[in-house]
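K.L.:
This is the structure I want to talk about, given as structure tokens.
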Amino acid sequence: MMINLSETASNAMLDALSQLMDGGSIELSSDDRVLAVLRLSTPVAEPAIDGELEFNDIVEEDAALAQGNATTARILAADGSEILSCDVGDEDSDAVVKLNTTRIYRGGPVRLQSFRLVMP
């Protein structure tokens, strides 16, 4: 089965997700253990254009909570409820969240330069 969304529908869906994510966070995890939490801005993004949502600045985590290899990410609303989850990989991977390295060290900084969601 295949669904093709119009650009208007794609943008509307992304804008709705954007509102849910305002002031939320991105948790980077390994084996259900949270390694680092990055705070999202409010608003999280400008309105979607061409079926793409480009996030505004994401606040760096200056001291990671734990050490490990990040494999999953959860995007949470400001109230802590989960909006979506996805995979994490290095810059050469096809993961949704790409980091220069997936290895996170406790007490070390964690930065996500940019993040965007694209509707098919």
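The values are calculated or read from the model by the stated rules, or taken from the named source; none is laboratory data. Nothing here was measured: the structure is a model prediction, and the numbers come from that model. Glycine also receives a Cβ, built like all others from the backbone with ideal geometry; neighbour counts cover every protein chain displayed.
Residue-by-condition table, conditions (1) over 23 Å from residue 108 (Cα atoms); (2) of a type in the set (Asp, Glu):
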residue	(1), (2)
53	yes, no
66	no, no
84	yes, no
91	no, yes
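K.L.:
Which residue pairs have Cβ atoms closer than 7 Å, lie 6 or more positions apart in sequence or on different chains, and pair a first residue in the stretch 1-27 that is more than 30 Å from residue 64 (Cα to Cα) with a second residue that is of a type in the set (A, V, I, L, M) and modelled with pLDDT under 95?
P.N.:
Close Cβ pairs satisfying both conditions: 5/119; 10/119; 13/119.
K.L.:
Can you name every residue in the stretch 1-56 that is assigned to a loop (DSSP other than H, G, I, E, B), out of contact with any Asp or Glu (no Cβ under 9 Å at 6 or more places or on another chain), surrounded by 11 or more Cβ atoms within 10 Å (Cβ to Cβ) and among the charged types (D, E, K, R)?
P.N.:
If the condition is that a residue be assigned to a loop (DSSP other than H, G, I, E, B), out of contact with any Asp or Glu (no Cβ under 9 Å at 6 or more places or on another chain), surrounded by 11 or more Cβ atoms within 10 Å (Cβ to Cβ) and among the charged types (D, E, K, R), then 22 is the only one that fits.
K.L.:
Another question about this same structure. Among the numbered criteria (1) among the aliphatic types (A, V, I, L, M); (2) in contact (Cβ under 8 Å) with a residue 24 or more places away in the chain; (3) touching a Lys or Arg at 6+ places or on another chain (Cβ under 6 Å), which single criterion is violated by residue 75?
P.N.:
Every condition holds for residue 75 apart from (3).
K.L.:
Which of the residues belonging to the stretch 31-48 are over 19 Å from residue 62 (Cβ atoms) and among the hydrophobic types (A, V, I, L, M, F, W, C)?
P.N.:
Matches in the stretch 31-48: 44, 45, 48.
K.L.:
In this structure, does residue 37 turn out to be out of contact with any Pro (no Cβ under 6 Å at 6 or more places or on another chain), at pLDDT 95 or above and farther than 29 Å from residue 6 by Cα?
P.N.:
Here the answer is yes, as residue 37 does meet what is asked.
K.L.:
Something else now. Take residue 45 and tell me if it is of a type in the set (A, V, I, L, M) and within 14 Å of the chain's Cα centre (by Cα).
P.N.:
Answer is yes for this residue.
K.L.:
Of all residues in the stretch 66-82, which are surrounded by fewer than 18 Cβ atoms within 10 Å (Cβ to Cβ), in a loop (DSSP other than H, G, I, E, B) and either of a type outside the set (Ser, Thr, Tyr) or at positive phi (or both)?
P.N.:
Across the stretch 66-82, the qualifying residues are 66, 67, 77, 78, 79, 80.
K.L.:
Pick from 68, 80, 107: which is touching an Asp or Glu at 6+ places or on another chain (Cβ under 8 Å) and not charged (D, E, K, R)?
P.N.:
68
K.L.:
Also, quick follow-up: Just to be sure I understand, how many residues within the stretch 89-120 are at pLDDT 95 or above, of a type in the set (D, E, K, R) and either surrounded by 15 or more Cβ atoms within 10 Å (Cβ to Cβ) or not in a loop (DSSP other than H, G, I, E, B) (or both)?
P.N.:
Residues that pass the stated criteria total 1.
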